[in-house]
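*Asks:* Dumping the structure here so I can ask a few things about it.
The values are calculated or read from the model by the stated rules, or taken from the named source; none is laboratory data. Remember, predicted model here, so these are calculated numbers, not experimental data. Backbone-built Cβ (ideal geometry, glycine too); neighbour counts: all protein chains shown. Side chains are part of the model used for accessible areas, which takes the heavy atoms of the whole protein and leaves out ligands, DNA and RNA. Shrake-Rupley method; radii C 1.70, N 1.55, O 1.52, S 1.80 Å.
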Amino acid sequence: MKRICVIHYSEIGLKGLNRPFFEKMLVKNVRRLLSGIADSRVKRLQGRLVFPLNGADPNRVEESLMKVFGISWFAFATVAEPNVDSIGRTVVEDASRVVKPGEPVKVEVKRADKRFPATSLELSKTLGRMLVEKLGARVSLKNPSKKIYVEVLSREAYVFTEKKKGLGGLPVGSSGRVLSLLSGGIDSPIASYLMMKRGCEVSYLHFHPFHDNAEAENSKVMEIVRRLLPYSGETAVIFVPSYEFQIAAVNIPAKYDLILFRRFMFRVAERIAEAEGARALVTGESLAQVASQTLENMAAISSGLRIPVFRPLIAFDKEEIVNMAKKIGTYELSIKPYRDCCSILARHPETRAKPGVVKELEKQIDMESVVDRSLKLASKVIVK
Ligand code: ATP
Ligand code: MG
């Protein structure tokens, strides 16, 4: 009895000419997560991915596959030969483990190879009859309590009794690279995760209040990046100290220091994104979550940038974000104490930043050269 895992993908099935490209990305990501756990000889086969289980622990395989974006669902299946006899025997044997006598069942057949002599409907009727005869089951098309699935391919057929729902989304690497501003708080890791879900490779940028980058490199920020690593794959984290800005900004009105600091972050981020080949910036901002995140402020903070800024959490409630963070496992790291740059800034920031004032203040501190000096202090760590 040969056991395999079959993986079905979501939207990538729809993308016509790009399909082989998406499939290859998905194969690469599945292989990365399976390494050391199961046979990573994953092959593309008639619109799905398949790999042999070879005795691998299904729980560990499942745990790994639950971290791959682009999977719609997957199943652990028994392989049969693509003929009615072999499929019938396998269906009865597999169903005997999960179906009780008298239980309403339904057999769902999909043919990837339409040359198979029976239609899907005919085959499912035949198989249903076998379950009635051999196991005393009852066929119910409307209200089955168990479903038995059969997929008929050209050279083999798969039989399984459970479909496991995957993460959906698109394979990481299929949509290009973005640079995520990562703070160490709850929101920005989730914003990064959601961009990965849409197929982006995510590099990170973190501003820290220390004198030395090494202190930030050994902080919980790296733990957060590592927690996201199964989803992201190899990535880079760039560290930049905030002291050049803080020295330059000592004399500006306290109400404006947060807005100027955020503009400083975006200006540095834009330059780093260009160097890293990232096409957009990502933040964990959410509309009106805190005083600084008003529409006026967001406009004032990102105006003048050459690069788009994505805010995937803009319309999420804090509770929804927290729930995602708990599910992914970043929450417990995000709530650990950490010296955030923003904690040294004003407690009551301006909520309606005026573009004219912002411009004047930037001239006063010579923002351009603050950005240049800070870029020289950046360090980069590769995480894999
Ligand atoms: P988070 O939970 O992500 O820290 P927040 O609710 O604390 O967000 P802010 O402090 O206003 O909100 O930060 C908004 C966004 O700005 C963050 O989500 C992050 O993308 C970016 N950001 C804030 N501080 C830093 C930092 N020190 N380094 C890099 N990015 C930062
Ligand atoms: Mg924060």
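*Asks:* All but one of (1) open to solvent by less than 40 Å² (accessible area, probe 1.4 Å); (2) within 21 Å of the chain's Cα centre (by Cα) hold for Val79; which doesn't?
*Replies:* (2)
*Asks:* Follow-up question, since we're still on this one. Is at least one residue of segment 126-143 crowded, with 18+ Cβ neighbours inside 10 Å, of a type outside the set (A, V, I, L, M) and out of contact with any helix residue (DSSP H, G or I) (no Cβ under 8 Å at 6 or more places or on another chain)?
*Replies:* yes
*Asks:* Can you name every residue in segment 176-213 that is open to solvent by 10 Å² or more (accessible area, probe 1.4 Å), within 6 Å of ligand 1 (Cβ to nearest atom) and assigned to a helix (DSSP H, G or I)?
*Replies:* Within segment 176-213, just Asp187 meets the criteria.
*Asks:* Under 6 Å between Cβ atoms, which residue pairs at least 6 apart in sequence (or on different chains) link something in segment 230-254 that is charged (D, E, K, R) with a partner that is open to solvent by 10 Å² or more (accessible area, probe 1.4 Å) and outside any helix (DSSP H, G or I)?
*Replies:* Listed by first residue and then by second, the contacts come to Glu234/Lys384.
*Asks:* Could I ask something else about it? Could you say whether any residue in segment 218-234 is among the small types (Gly, Ala, Ser), open to solvent by less than 10 Å² (accessible area, probe 1.4 Å) and more than 11 Å from ligand 1 (Cβ to nearest atom)?
*Replies:* yes
Rundown of residues vs (1) among the acidic types (Asp, Glu); (2) modelled with pLDDT of 95 or more; (3) within 16 Å of ligand 2 (Cβ to nearest atom); (4) not assigned by TED's automatic domain parsing to the domain that holds Ala191, yes/no style:
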residue: Ala254; (1), (2), (3), (4): no, no, no, no
residue: Asp257; (1), (2), (3), (4): yes, no, yes, no
residue: Glu270; (1), (2), (3), (4): yes, yes, no, no
residue: Ala275; (1), (2), (3), (4): no, yes, no, no
residue: Gln289; (1), (2), (3), (4): no, no, yes, no
residue: Gly304; (1), (2), (3), (4): no, no, no, no
residue: Ala315; (1), (2), (3), (4): no, yes, no, no
residue: Lys318; (1), (2), (3), (4): no, yes, yes, no
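*Asks:* Please enumerate the residues belonging to segment 306-325 that are in contact with a helix residue (DSSP H, G or I) (Cβ under 8 Å, 6 or more places away or on another chain) and away from ligand 1 (no atom under 14 Å from the Cβ).
*Replies:* Listed by number, the residues that qualify are Arg306, Ile307.
*Asks:* Quick one: count up the residues across segment 227-269 that are under 30 Å from Pro171 (Cα atoms) and either in contact with a helix residue (DSSP H, G or I) (Cβ under 9 Å, 6 or more places away or on another chain) or not in a helix (DSSP H, G or I) (or both). Spell out the reasoning first.
*Replies:* From segment 227-269, those under 30 Å from Pro171 (Cα atoms) are 227-240, 265-269; that's our starting set.
Okay, now just the ones that are also either in contact with a helix residue (DSSP H, G or I) (Cβ under 9 Å, 6 or more places away or on another chain) or not in a helix (DSSP H, G or I) (or both), so 227-228, 230-240, 265-268.
Matching residues across segment 227-269 total 17.
*Asks:* Do we find a residue being more than 19 Å from Thr283 (Cα to Cα), in a loop (DSSP other than H, G, I, E, B) and modelled with pLDDT of 90 or more anywhere in segment 349-371?
*Replies:* yes
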